[in-house]
Amino acid sequence: MKTFEYDILFFQVKKQKDYDAMRCALNERGAEGWEVITAEVGDYGYTTFLKRESLATKVTSE
């Protein structure tokens, strides 16, 4: 059975360069197998929720 692990990232966005930093961080996480499942905007920035298949699941299925 697949299992997942989750992570939460917060990005404070005030200027255009902050979006570039956010994009870079999300691309780095994507390269590690993380997928954004949702993002919420708040008064101070964005909160993103990510998931990826647990490494333990991959080892036992091989």
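Just so it is clear, none of the values below were taken in a lab; they were calculated from the coordinates. None of these values were measured; they are calculated from a predicted model. With ideal geometry, Cβ positions are generated from the backbone for all residues, glycine too; neighbour counts draw on all protein chains shown.
Here's the yes/no breakdown for (1) in contact with a strand residue (DSSP E or B) (Cβ under 9 Å, 6 or more places away or on another chain); (2) among the β-branched types (V, I, T):
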{"position": "E32", "(1), (2)": "yes, no"}
{"position": "V36", "(1), (2)": "yes, yes"}
{"position": "D43", "(1), (2)": "no, no"}
{"position": "L50", "(1), (2)": "yes, no"}
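Filtered by the rule that a residue be loosely packed, with under 10 Cβ neighbours inside 10 Å and among the β-branched types (V, I, T), segment 12-38 gives a lone residue, T38. Counting only residues that are within 18 Å of G45 (Cα to Cα), of a type in the set (K, R) and either touching a Pro at 6+ places or on another chain (Cβ under 6 Å) or in a helix (DSSP H, G or I) (or both), segment 1-31 holds 2 of them. Only one of the numbered conditions (1) loosely packed, with under 11 Cβ neighbours inside 10 Å; (2) assigned to a helix (DSSP H, G or I) is not met by V41, and that is (2).
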